[in-house]
Structures are given as structure tokens and as C-alpha cells.
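Step one of this worksheet: look at the structure below.
The values are calculated or read from the model by the stated rules, or taken from the named source; none is laboratory data. Just so you know, these numbers come straight off a predicted model, no measurement behind them. Here Cβ is always computed from backbone atoms with ideal geometry, including for glycine, and neighbour counts include all displayed protein chains.
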Amino acid sequence: MGNLVSTVFDRLWGVDKELRILILGLDGAGKTTILYRLKIGEVIETKPTIGFHVETLSYKNLKLNVWDLGGQTSIRPYWRCYYANTAAVIFVVDSTDKDRMNIASKELHLMLQEEELQDSALLVFANKQDQPGALSASEVSKELNLAELKDRSWSIVASSAIKGEGITEGLDWLIDVVKEEQM
Amino acid sequence: MSTHTYKKAEDPHSGSLPDKMTIYQDCLNRFNESPVNPKLCRTLITSLLELISHGETFPAQEATALFFSISKLFQHPNDSLRQIVYVAIKELCGISEDILMATSSIMKDVQNGSDLVKPNAIRALIRVLDESTAFSAERLLKNSLVSKHPSVCSASLVSSYHLLPIAETTVKRFANETQEAVGDLKQLPYPDENSRYYPTTSHISQYHALGLLYQLKNHDKMALIKLIQQFAGQSSPLKNQLAQVQMVKLVHQLVLKDTNSIPQFLPLIVNWLQSRHEAVALEACKLTAALSNLVPSEVFAGAVSVLQGFLSTPRVTTRFAAVRLLNKISMVSPEKIVVCNPELESLVNDSNRNISTYTITTLLKTGTNKNIGSLIKTITKFIYEVNDDFKIIIIDAIKTLSLNFPEENETILRFLMESLQSSEGSLQFKNSVVEALMDLIQFVPQSKEKALEELCDFIEDCEYNEVLVRILHLLGKEGPTTKNPSLYVRHIYNRVILENSIIRSAAVLSLSKFALVKNDPELVKSIEQLLIQIKTDPDDEVRDRASIALQFIESVKSNNEVSNIAQNFIRPTSTYDVVTMESKLSQYLSQGQEAFQTPFDVSSVTKYSEDEKKALDLKRRQEQAFQHTEESSNGNGSGSGNGNENGGRKGDRLDDSTFNGTSLQEEKDDLLLSKHIDEMSSLEQFQSFGKRIHSSKIVPLTEIEAEFVVKGIKHLFDEHIVLQFHITNTLKDIALDNVEVVCQVEGLSEGLLDDQEEFVLPIERLLPDEGESCYVAFKKLTQNSDEIVVERFSNSLKFQSKELDPSTSLPFEDDEGFQDEYEFDSLFLSPGDYMKPSFVSNFAATLEELPYESVSVYNIVETNTLQEVIDKLIISAGGLPLENSQTVSHDATQHTLKLSGKSILDNAKALLSIKMIKTSKGIAIKALVKSDKDTLADDLSNNLI
């Protein structure tokens, strides 16, 4: 039965259709760790990303094309070069980094104003929940002024990429939303 | 494969290029698709690369867009697509500034990619790295350096090599890995069908590793020697022939710096000469040739026989390399390669013209009086078959020949005239023939009249203005002193009637010079007649020249004060030093309006009399003949006149800094000297000393890599001697205060010089990389200003060294510094400093004529070669070597050096004939000095060594 449903989906989507997802956020938020958590299910040792990583992964019978862009100040201006055809944006926030919450908020809202991202869904990971002193998801949501967002499907999920908590939950939500919107 | 059978690739421009904008749009669209089509993208990038390789560029904005769309292709795992993406990134990094965005993706491939894309990724990686990001790639590169895969290893070695200038500190840490890679014989990991036909590896990574290792260690001589010991020799792990060649070159470089190390490397050289790789053997021959007399003669003979064997190989490149090398040896010691003559003769008609030309010039060197005639006959046939570049090379060889074998001048003259008169040949060719003839006339006086007559015939029918003007000038210069000047006048006047105005005006000048012939009033009269007729010429310039010439002739006749000036105008007895003149004039012009109030002072430019000019010319020719002209031989002599003259001796004997001692270098030195002289003259302390009589050349007194580089110049004044020491501080973090040179007079001059200096002008402060001069002045005690004072000054530098404050780059304010001393070589004021080279055409006769004579005998116990002694003597006596006596063959045991010069103080002539005999006990020298002044002869002969 499940098989039948998935073939129906495949036909509707077109078998080759891939979903383009961007992972953005300030430097050191844990973007690369999340990407490889999704790709190989393990925590790898990372270095600051100069540029980007791109991985194709299958998730619930879908092909996801996930782009993890570097978060350093010098690289942020280049984010916009990768906005085209993006189905969803995953914004990762270091929940312990209270000092830079306002910067993260500014970058987030700036990004969402872009024409090319008007139709993409937004998932925010309040990451590093395993660390002491981490803000909770609702606190982060407040800091980032997520309530202001209109005409957009968004969600915030508390996560720990190191422990693997919250990542699948967040992605499940994202895929559901995207499927719904794009059907 | 011969070049004849090589199928020419189709002209890349014949097919039309794809449209730039279409490609650009297609790239943007296709690369941003999801999912991408790898095959289509590969094709698109190929077209894009084609455009770029044809010089198309994209404006910054488009280049950025292209780069980002290409970077999106990283999402596809296809290796072939990834490879071409890397090629594209390398091409784009020149025009797009956003290239660093690819860094992480590339690094990931270097780490985890397949063997196919790894090398490409490494090569692309170093293009995107800079000094700050190189650090993060350090571990990746180190891992690739020790990779078992030869392609990965090679790529990382070559990439590190290119990264070195960008991120030196990072690459310096690769030394161990690189060292390991040199000795490692890596195999490609694909044993399959093909490996039966192709070697599994060329071991090329060894060559790359050696190249990088050398870059890392080339400042450390001991490390280099250790490197050679480790990787050369019997048990050498080096399999790659390029790596072996590199090893030979390394040894080459080391032994040139330190000739004492030759015995240590000799077994290696002998071994290399027998190498089964031709390239290695050739390189070893090259090294042996460069060392020449420093290696045992049997080793040298071994190298020659290896070359001899190569002369008859079917491979053109090998033949060419061998004959080029033989040509080089022939410049120095033709007697050693006479054994190759049979092989060489069979190469004269080689179908490759590069080879045949080199062969002929080599044969011309090895030729003796006996076979030169027949050789020239061969060449006469041959020269019409080659193109002009080669003709010029051959003419140059003949030119050198004419200086070496003055007695063969008739044959040579005939050959040159035939070449000149033949209807073939370009302007450059004719010009070089005329130059050869001019040399012949100038330096081989016996051929003068004959050559001039032939030239007269030639100008009757010459199509090149430039050549004609030169010949007319030559006739005017040399004609009046011949037996029958009127003959030339007729020929020159014919030009006035028949040719265009450029030639006519040259002819007028030439004619006017004949008017100064003293003993033939008839001739003078007819020349005046001719000039009066020319005054009606339709061309202004010609008329003007005729009028002024007539005026001059008139005033010469009247025999008053003006006559000398007029005479000087018609036949100038001295010329200015063109290089100094040019620099002084441009300096004058750059000073601006105010300076133009006072006219340019031409007296500050050095003047040369005719003898001196000739001496300088001859000296330059001699030096040119021994010049190291690697460049011109690489460019197979196209257009360059001295393709044949890539001999080694002069270059090889001197140290590295003068290795390419071209005349350009000499001009630079001269300019530097005149700059230093100007600095000195502008100081008011020296104004009271009167006019400077002479300044020596710049003498290096330390090694060029010393902490403080000191160069000395000796200035002679009427009553004083000023020593100028130019000091450069090469230390990076130390400033020197109150720098002064302490000169100790050793007392050779016995009371002719005050042994306490008159004053010292110290340098206040010398910051890193700065150079300034310190002066020490001495007073002569002698009343006689034309007496020669010979002295040796032993020197040391006294200064306070102060550490620099890194923030201001100035010394710390409260630093008192500490007093330090630094000793450097002594400066020797030799008789040569009082002499200038001067040319005499007949040495033996002039030697007879001079009245005063002084003989002295020396014995040198040190084991110098004759050549070393000769070089020293030429410098210490300051004369011009004549009749090619400045060189000696290596196995000769005796030699006579003939020098000619004039005193700079009073222009007294001096000729030196120095006989030397080499015995087992040393070298015995007997110097005969003749002069028209007794003290000069004595001073010279007593102070030669």
C-alpha cells in the first residue's frame, strides 16, 4: 500500500525532481555538522567552511540537494548567489551565543526579503541545546522576531547536532510543508 | 617523429568560435538546472574554455555569475564533470575575485575524492589559496605528498612549488614529506591490459619532488651537498631522467660557486657521462665543458667522445645539442675537439640548418691556418642555401676569425666581398658584412687598402641607404691616410652625382675630410672645386654641408687659432662616451626650466681619443667572443648577431653575479660608477682638491651576500687620493650609526703618501637596505703630480649597531647601541689605476720605438693557472691585451702577454710584454716594460704583483 502511494507521488513530482535546500546561519552555528549528520548519520570533525559544501541525500523517497554555505562575515555576501530555485531554507542558530542573536536576526530578515526566496519555507534550528546556558526554542524565536514573519511557513525546533536530537523532527516538518506547498 | 611528417594541426582560427553571449547564457541556464546534465555541462564548459583560450574575457560581473553557476556543478558526483569544473575554476580564478567560495568543496575532494579527480582538485586548490588560508590546507597537502598514487603525489608537489612564493612558511614545513617523495618509486595502481605496452609509471614525481626540495633548500649549501650525496651516485634511487638531469644541474651550480669541491663530485660526473639517458649524458657533458680545465683531461676527453658519438645519432635534437655544446667548447679550447672534425664535416650539409650552421662555426674555430681556406670555400657554397639569420651567425664567426688569423685576411676579405656583392640577403645581413669589414680594416691594418678599394666598387651598385652611408663614413675616415686618396674621392663624388639627398650629404662630409690631406695641394684644390659645385645642389642639407665644409677648409688653410677648431670639426680626434652622455643629458633635461639658464656642461662627459675608442671596441669584441649567451642559442640565433658566441670561459670563471656578463651589464656598471662619482663630486669637502683626474672601476670588497656589502672606488686628484666606500646594510632589523672606514696604510709607497688620512667622512645612519658612501681622503707628499703612488689599504668598518623598533622602523630612542667592527678586503691602488687601455696596430714595432725600458722578474709559488695570472696582470697593469694574448690554452706551459696603455696623468705611452713560464715550482714571470717616460716604465714593472 505504502509502495503504491510513493509511486503515485513519484509520478506527481516527476521522478528526477530534486528539492533544493539551503543551510544558512552565522559562523560556528553547526551547519556543516548538521549537513553530515543528515548525510552519513555521524558527527564529523569540521573546519570553518570557506565557501560551501553540497550533498545529495535521499530522505523519505525524496532527493534532497542540500547546500551548506559558510557563515563567516566575508562569505555571507555570497549567500545570495545560491538563492535561486530554493525550496526551503534551514537557518541554524547557536543558542548559547546570546551576544550575536541580533546579528543572526538581522541576517535572517535580510535574507528573507530576497525576491528569490519568497516561496521557500523556513526551518530554524535552535542548535547546541546540549550546551549549558542555551536559550530555549521560544527564547530564540523571540530574539529572532520570528513572529513578525508573514506569508511564510516557518517553524523553530530545538536541536543538538552532536546528540542528533531535533534534527529529524525539524526536517520531517519541513518536507511535509514543502510537499504540501509544491503540490 | 620528424617535423616533416608531422601532420599540421588544423588552424585553430579556421573554424568559427562559438558566440560568447550564447555560451554565457547557456552556461547560466544549464548549470542552474536541477538536476544537472553532466554530459551537456561538460560540452558547455569545453566551449567556454575554448573562448577563454582565444583571449575572450568576461566583465567582472559576468565572470562572477559564471563562477557561481559553475560552482553549483559541485552537487553532481560525476568525476568527469568534476575534472572539467576544476579546469574551468583554474581559468576563471584570473578574472573572478570570488574564487575563494570554492575552497571548502575543493578541499573535500582532495580529502575524499576519487584518484581521478584528486590531482585536479589539488591543482585547483592552490589557485584559490592565499597566505592566510594556506595554513588550513597544510594537512591535506602533506597527506597528498605522501600519497602512493604518482599523479596525486606529482600534483601536490608541483602545486606546493607554486604555493611557495604565496605561503612560504606553510610550504617550508613540507621538507620531510618532499624528501620522502624523491626516493619513493611510485607505481600506478592499475595493472591491466595496457600495462604490457606502457610503463606503469615514468617516476616523474621524483623530478617534481627534487624541484620542490631544491626550492626549499637552495639557501643552504650543506643541505644541498647532503641532498646530492643521498640521491646521486651508484645506489641512486632516481629512475626518472629529468630528475637525474636536475641533479647534474645542481652539481653544476655548486661547483661553480666553489671550485674546490670538484674532486668530490668527479666520480658522479664520470658516472653520469656513461648514463643510458642521452639527456643526462648531455647535461654531464655540459658540466664538464663548463669546468673545462678544472677536471682531469681524461674526463674531459671522455665527455668529448660522448658528444662525438651523439653527432651521428639519428635524433635531430641530440645532434643539435651535441653540436651546440661542441661549438661552446670550441670558443675556449678548440684543440680539444679536433677529434670530432670528421663527424662535424659530415654534418655540414645536415638537412637541419640549425645543426649545419653550428657545425660550420665550430669548424671555423677548430680550423688552423691550413684548412681555413678550404673551409671558407665550403661556406661560400653553403651560405646561399640558408636564411638570413644563419648567414649573420656565420658572418659573425668569420669576423672573429679575422681577428684570430690576421694573416688569412685575403681569403676572408674575398669571402666577405662576395657575400656583400651577391644579390641575395637582407639589410641586416649586408650590415653585418659591412661591420665585419670595418673590423677587418680597423684591427688588421694590412687589409685596409684592399678592403677600401673593394668597398668603393660595391657602393657603385648598392641598394641600401644605411649601408651606403656607413661605407661613405668609413671611406672618409680611412681614405685620407691611404697611399692614393684621389681614387676614393672619385668614387665618393660619383655618389654625389648619382644618389639621393641622404647619401649626397653623407658623401659631402666624407669628401671634406680628404681636404685635410697635407701633402697633396692638388687634391685639396680639386676637393674645393667639387664642393663649390655641390653648393648648387637642389637639397638644403647638402648645400649647407658643402658651404660649412668650405668655410672650415678655408680657416684650416689660414692656419690661425680657429684652424684647430675647424680641423676638429672635420676630423674629430676624440668622441664622447655615448652612454654617459645620454644619461647626463636626460638628467639635464629632467631638471626643468631653471637649469636651462646655464648651458649643458659637455666637459663632464668622458672623452675618448681614437686610440682609446679602438681599445674599448677591441676589448668589447674580445669579451663578446667569450660571452655566455644562453638566450641567443636557445632562440636558435634568430636575429641575434652572436648566436655562435656562446663560449664559456669568461662567464664560467667569474662568479655567479657576472655570469651573464653582457655589455648591458657593463653599461649598467658604468652608469652606477658615474652616479657614485657625481655623489662624491657634489660634496663640498672635495671642492678644494681641484679637478678629479681619474676614478677606478667599482671594486667589490666583500661577498655580495655579506651582512654589509662594501664596494670601493679610488679617485685620483692632483694632490690627493680619495677612497670612496659604498656600504649597503643588508640586515633586516639593525641600524648602523656613525659608520666610518678605518684605513691602514701598509707603506708600499715609501713616503709618497701621508700615512695618516687627511679626513674621514662618516655615514650618520644606515638603515636596513640602505646604501651610502663613506669617504677617506689621503694627501700625497710628493710634489710631482705625475708620479705614481702605489699603496695597499687594509680596511675595517667601525660603527654602533642599534636594534630597530618594529613599530617605527627606527632605532629605539634610548638605545646607546654597541660599538662593533667589521673587516673586509684590502683595497689596492695599483699602477693599473693610472693606466688606460690604448690601441696600437703594430705591437712589435711600437715596442722597439719606445726609448725607456725596465725589466723585472717575479716568481709566483702559489699553484695558479696561467690564465689566472694573466687575468690578474691585466687588471693590475690596466692595459689593453693585444693580439689575443689575453687567453691561453689550458695545457700551455708558457705564454707572452702583450699589453698596451697610456698614463692617465700625462698620456705617456707604455707597452708591456710579459713572458711567463709554468714549471712544477710555480710560475716565473719576466716583464719587459717600455715607455716614453722612464719613471712610468719603472713604476709599472716594479709594481705588477
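At-a-glance table
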{"read-out": "Count - residues of segment B:684-741 that are among the aromatic types (Phe, Trp, Tyr) and under 24 Å from the mean Cα position of the chain (by Cα)", "value": "0"}
{"read-out": "In segment A:100-153, the residues that are touching a strand residue (DSSP E or B) at 6+ places or on another chain (Cβ under 6 Å) and among the acidic types (Asp, Glu)", "value": "A:Asp130"}
{"read-out": "Flag for B:Leu256 being part of a helix (DSSP H, G or I), in contact with a helix residue (DSSP H, G or I) (Cβ under 8 Å, 6 or more places away or on another chain) and modelled with pLDDT under 85", "value": "yes"}
{"read-out": "In segment B:75-84, the residues that are touching a helix residue (DSSP H, G or I) at 6+ places or on another chain (Cβ under 6 Å), within 20 Å of A:Lys63 (Cβ to Cβ) and either of a type in the set (Asp, Glu) or assigned to a helix (DSSP H, G or I) (or both)", "value": "B:Leu81"}
{"read-out": "Conditions (1) free of Cβ contacts under 8 Å to residues at least 40 places away in the same chain; (2) in a loop (DSSP other than H, G, I, E, B); (3) not hydrophobic (A, V, I, L, M, F, W, C); number of the one not met by B:Gln229", "value": "(2)"}
{"read-out": "Test set (1) within 14 Å of another protein chain (Cβ to nearest Cβ); (2) in contact with a strand residue (DSSP E or B) (Cβ under 6 Å, 6 or more places away or on another chain); (3) surrounded by fewer than 19 Cβ atoms within 10 Å (Cβ to Cβ) - A:Ala87 fails condition number", "value": "(3)"}
{"read-out": "Tally, over segment B:683-717, of residues that are farther than 20 Å from B:Phe824 by Cβ, part of a loop (DSSP other than H, G, I, E, B) and modelled with pLDDT of 80 or more", "value": "1"}
{"read-out": "Some residue of segment B:333-344 being of a type in the set (Gly, Ala, Ser) and either in contact with a strand residue (DSSP E or B) (Cβ under 7 Å, 6 or more places away or on another chain) or part of a helix (DSSP H, G or I) (or both)", "value": "no"}
{"read-out": "Tally, over segment A:90-132, of residues that are of a type in the set (Val, Ile, Thr), surrounded by 22 or more Cβ atoms within 10 Å (Cβ to Cβ) and over 16 Å from A:Ile21 (Cβ atoms)", "value": "1"}
{"read-out": "Residue match in segment B:262-275 (condition: farther than 29 Å from B:Leu185 by Cα, in contact with a Leu (Cβ under 8 Å, 6 or more places away or on another chain) and assigned to a helix (DSSP H, G or I))", "value": "yes"}
{"read-out": "Any pair with Cβ under 9 angstrom, 6 or more apart, that starts in segment A:47-67 at a residue that is under 18 Å from B:Met101 (Cα atoms) and more than 11 Å from every other protein chain (Cβ to nearest Cβ) and ends at one that is small (Gly, Ala, Ser) and in a strand (DSSP E or B)", "value": "none"}
{"read-out": "Flag for B:Leu48 being hydrophobic (A, V, I, L, M, F, W, C), assigned to a helix (DSSP H, G or I) and modelled with pLDDT of 90 or more", "value": "yes"}
{"read-out": "Count of segment A:85-131 residues which are without any contact (Cβ under 8 Å) to a residue 60 or more places away in the chain, small (Gly, Ala, Ser) and more than 21 Å from A:Asp176 (Cα to Cα)", "value": "1"}
{"read-out": "Residue satisfying all of: in segment B:28-83; of a type in the set (Gly, Ala, Ser) and either within 9 Å of chain A (Cβ to nearest Cβ) or surrounded by 15 or more Cβ atoms within 10 Å (Cβ to Cβ) (or both); farthest from B:Ala102 (Cα to Cα) among these", "value": "B:Ser47"}
{"read-out": "Selected residue (criterion: surrounded by the most Cβ atoms within 10 Å (Cβ to Cβ)) from residues of segment B:703-722 that are in contact with a Lys or Arg (Cβ under 8 Å, 6 or more places away or on another chain) and charged (D, E, K, R)", "value": "B:Glu719"}
{"read-out": "Among the candidates B:Lys430, B:Lys483, B:Lys477, residue that is within 36 Å of the chain's Cα centre (by Cα) and surrounded by fewer than 20 Cβ atoms within 10 Å (Cβ to Cβ)", "value": "B:Lys477"}
{"read-out": "Residues of segment B:420-459 satisfying the condition of being under 19 Å from B:Arg495 (Cα atoms) and modelled with pLDDT under 80", "value": "B:Leu420, B:Gln421"}
{"read-out": "Residue within segment B:833-843 that is farther than 29 Å from B:Ile441 by Cα and out of contact with any Asp or Glu (no Cβ under 7 Å at 6 or more places or on another chain) present", "value": "yes"}
{"read-out": "Helices (runs of 4 or more DSSP H) wholly inside segment B:85-188 containing at least 1 residues that are within 14 Å of chain A (Cβ to nearest Cβ) and in contact with a strand residue (DSSP E or B) (Cβ under 7 Å, 6 or more places away or on another chain)", "value": "B:103-112"}
{"read-out": "For A:Leu112: the one exception among (1) at pLDDT 90 or above; (2) more than 10 Å from chain B (Cβ to nearest Cβ); (3) under 20 Å from A:Gly164 (Cα atoms)", "value": "(3)"}
{"read-out": "Residues of segment A:69-84 satisfying the condition of being more than 16 Å from the chain's Cα centre (by Cα), surrounded by fewer than 18 Cβ atoms within 10 Å (Cβ to Cβ) and facing chain B (nearest Cβ under 10 Å)", "value": "A:Ser74, A:Pro77"}
{"read-out": "Residue count, segment B:567-583 (criterion: modelled with pLDDT under 80, under 34 Å from the mean Cα position of the chain (by Cα) and part of a helix (DSSP H, G or I))", "value": "4"}
{"read-out": "Criterion violated by A:Gly25 - all others in (1) of a type outside the set (S, T, N, Q); (2) over 15 Å from A:Val92 (Cβ atoms); (3) more than 13 Å from every other protein chain (Cβ to nearest Cβ) satisfied", "value": "(2)"}
{"read-out": "Residue ranges of strands (runs of 3 or more DSSP E) in segment B:786-866 with at least 3 members over 20 Å from B:Leu716 (Cα atoms)", "value": "B:791-805, B:818-829, B:852-860"}
{"read-out": "Tally, over segment B:538-557, of residues that are touching a residue at least 40 places away in the same chain (Cβ under 8 Å) and more than 43 Å from the chain's Cα centre (by Cα)", "value": "3"}
